[in-house]
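The structure's right below; bear with me while I get my questions together.
The values are calculated or read from the model by the stated rules, or taken from the named source; none is laboratory data. None of the values given here were measured: they were computed from a predicted structure. As a convention, Cβ positions derive from the backbone with ideal geometry for all residues, glycine included, and neighbour counts pool all protein chains shown. What goes into the accessible areas is simple: the full protein's heavy atoms, side chains included, and nothing from ligands, DNA or RNA. Shrake-Rupley method; radii C 1.70, N 1.55, O 1.52, S 1.80 Å.
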Amino acid sequence: MQIDNGAFYQKLKKLALPISLQSLMLAAVAAGDALMLGRVAQNEMAAVSLATQIQFVQNMFLMAVTAAGSILGAQYWGKGDRDTVRSLFNMMLRWCGVVSLIFFLACEFCPELLMRLFSHDDPIIEIGSAYLRIAGWSYLITGISQCYLTTMKVTDHVTPSAWISSSAVVINIILNAVFIFGLLGAPAMQARGAALATTLARVVELALCIGISSRETFLRPVWSKLFEKKKQLAADFRRQCFPLLGGGLFWGVGFTSYTAIMGHMGTDAAAANAVAAVVRDLICCVCNGVGSAAGIMVGNELGAGNLEKGKAYGIKLKNISFIIGFASMAVVLALTPLVVRMVILTDEARQYLTGMMIIMAVYMIGRCVNTVTINGVLDGGGDTLFDMYSLAVCMWGVAIPLALLGAFVFHWPVLVVYGCTCLDEVGKIPWVMYRFRKYKWVKDLTR
């Protein structure tokens, strides 16, 4: 089917650019935290890095819920069914509210227990526990604001959504500097200052969400119907949510395992891997934005009953993902000399980083293709199971066992083990293309 390229690229740009910026700003917060706390004390930086793993786990649950809402919401919005989108908004609020409350209570009442999952060092546990008691309030708020932001994205308000997130990030970074270092007359709170900055930024974010959503063209939750039960819609929601949650947990725990494996390869390997991970997260912002846009664009057309147009959009977006992948590879290779010179590392760590950047350049092809095709196009049509079992096979069945054997049994060189951690994305491209061409994702999920 022929599509209007002008309209296609206009819509892609309208959706992808703000979401890419939003992803970039979120990556900047993590980089800012590490840089600022690294100038205070190593223990402070290490404790906060470990403590934020709690939020990372929470985000796996929140992302599954909001992604399910986004998949169904995009289709019902394309169909023009505002009432069902509003019901999905209420459903997301219920699920995210429960998840956020559980993590909040855990951070407030047993932070030491949570920290002992990641460290046996008493100073680290003490600093991380103090961080969690304050940051726990932000975990309570985050789930609510994410529901607002997701609803904005699928209802043609992606720019305000990105503006809100970006504003919160800027506020977070500024307040980090104020409270960590004690600027402008504030006390120097170090790790607790980072927690306070995060919490205040989340309060501002939620306030902006509620304020902007009060405008006439925005959807808002109907609080009197917050607990209204719609059995069929709830069943459809769970059908999308549970595979997404499984995939998210597979991916999240898998990436944590990669970090742990490289950490056991020595200080130089861990330091080089940490720098490479920052570069990877920054470069991936573009494919994250296009992937989110792909899910919305394909979902809108499929929900409107335009199955052939949705299929054509999916094919075009899949082709674009390869272009983004090779462009990202070129960017990583071009940045390698600059990145290696910028950071303070030992000679051995610098050699590791150079090799990791070259390996990561190839990895970026698979990461971009899979993000846009799986998390965008396939998920947009409700084919969420594939992501879960592709991760189970390629990450947990191949990449992680190989990396573990290489690191702890065969004692392979650091770069060979690092290459094993990058196998899953590149290796599953043929399988992803095979799944894509079966066109099981070309489905109207609305009722």
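Of 204, 304, 28, which is farthest along the charge dipole of the chain in the positive direction, counting Lys and Arg as +1 and Asp and Glu as -1 at C-beta?
304
If you don't mind, another one. Checking the cross-link filter: which aspartates and glutamates have an alpha carbon closer than 19 Å to that of residue 440, excluding same-chain neighbours under 8 positions apart?
Within the straight-line cut-off, residue 440 pairs with 236, 301, 308, 379, 383, 387.
Which whole-Hz ³J(HN,Hα) couplings does the range 74-80 yield from phi under the Karplus relation 6.51 cos²θ - 1.76 cosθ + 1.60, θ = phi - 60°, glycine and proline marked x?
4, 6, 5, 5, x, 6, x
About the Cα centre of the range 247-320, how large is the charge dipole given +1 on each Lys and Arg Cβ and -1 on each Asp and Glu Cβ? Please answer in debye to the nearest 20.
The dipole of the range 247-320 has a size of about 260 debye.
How much area per residue is accessible in the range 251-387 when the probe is 1.4 Å and only protein heavy atoms are counted (Å²)?
36 Å²
What number comes out for the charge environment of residue 311, summing +1 per Lys or Arg and -1 per Asp or Glu over other residues with Cβ under 13 Å away?
Taking every other residue near residue 311 into account, the sum is +3.
Residue by residue through the range 7-12, what is 3J(HN,Hα) from phi via Karplus (6.51 cos²θ - 1.76 cosθ + 1.60, θ = phi - 60°)? Round to whole Hz and write x for glycine and proline.
5, 4, 5, 5, 5, 4
Then there is this: For Cα pairs less than 8 Å apart in space and 6+ apart in sequence, what is the mean separation divided by the residue count of the range 156-237, i.e. the relative contact order in percent? Write down the numbers at each step before the final one.
Working: 56 pairs, mean separation 20.0, N = 82.
Relative CO of the range 156-237 lands at 24 percent.
Provide 156, 4 ordered by accessible surface of protein heavy atoms (probe 1.4 Å), highest first. Write out the running numbers ahead of the final one.
Details: 156 75, 4 100 Å².
In descending accessible area the options line up as 4, 156.
Considering only protein heavy atoms and a 1.4 Å probe, what is the carbon-and-sulfur percentage of the accessible area of the range 169-260?
With neighbouring chains kept in place, the figure for the range 169-260 is 68 percent.
Identify unpaired cysteines across the chain, taking unpaired to mean no other cysteine Cβ lies under 4.7 Å from the residue's Cβ.
96, 107, 110, 147, 209, 241, 284, 285, 394, 420, 422
In Å², and per residue, what accessible area does the range 95-203 have when probed at 1.4 Å with the other protein chains present?
For the range 95-203, the per-residue accessible area is 41 Å².
Moving on. Once you list every other residue whose beta carbon is under 13 Å from the beta carbon of residue 147, what net charge do they have if Lys and Arg are +1 and Asp and Glu are -1?
+3
Continuing with this model, one more query. Straight distance only, please: which lysines reach the Cα of residue 225 with their own Cα at less than 30 Å, same-chain residues fewer than 8 apart left out?
Reachable lysines: 79, 153, 443.
Follow-up. Would you mind checking which residues have amide H under 5 Å from residue 81's amide H? H placed 1.01 Å from N; only 5 or more apart, or other chain.
Distant-sequence amide H within range of residue 81: zero hits.
Extension gain residue 98-residue 345, at 0.36 nm per residue separation less the Cα-Cα distance, in nm?
84.6 nm
Assigning unit charges at the beta carbon (Lys, Arg +1; Asp, Glu -1) and nothing else, what dipole magnitude in debye, to the nearest 20, does the chain show about its Cα centre?
Using Cβ point charges on Lys, Arg, Asp and Glu, the chain gives about 1540 debye.
Give me the net charge for the shell around residue 240: Cβ to Cβ below 13 angstrom, other residues only, Lys and Arg +1, Asp and Glu -1.
Taking every Cβ under 13 Å from that of residue 240, the sum is -1.
Another question about this same structure. Quick one: with all protein chains in place, what share of the accessible area of the range 316-441 is carbon or sulfur, to the nearest percent (1.4 Å probe)?
With neighbouring chains kept in place, the figure for the range 316-441 is 72 percent.
Sticking with this structure for a sec: Would you please put 141-153, 77-89 in order of how densely packed they are, using the mean number of other Cβ atoms within 10 angstrom per residue and starting with the highest? The partial results should precede the final answer.
Working: 141-153: 24.1, 77-89: 19.5.
Averaged packing, sorted descending, gives the order 141-153, 77-89.
Using a 1.4 angstrom probe on heavy atoms only, work out the carbon and sulfur share of the accessible area of the range 44-152 in %. Intermediate results must be reported in sequence, preceding the final value.
Details: 2660 of 4030 Å².
The computed percentage sits at 66.
Only Cα pairs under 8 Å and at least 6 apart count here; give the relative contact order of the chain as a rounded whole percent.
In percent, rounded to a whole number, it is 22.
Which whole-Hz couplings ³J(HN,Hα) result when phi for each residue of the range 196-205 is put into the Karplus expression 6.51 cos²θ - 1.76 cosθ + 1.60, θ = phi - 60°, listed in order with x for Gly and Pro?
Rounded to whole hertz, the list is 5, 4, 4, 5, 5, 5, 5, 4, 4, 4.
Give, rounded to the nearest 20 debye, the magnitude of the charge dipole that the range 60-124 has about its Cα centre when Lys and Arg contribute +1 at Cβ and Asp and Glu contribute -1 at Cβ.
Charge dipole, the range 60-124, about its Cα centre: 480 debye, nearest 20.
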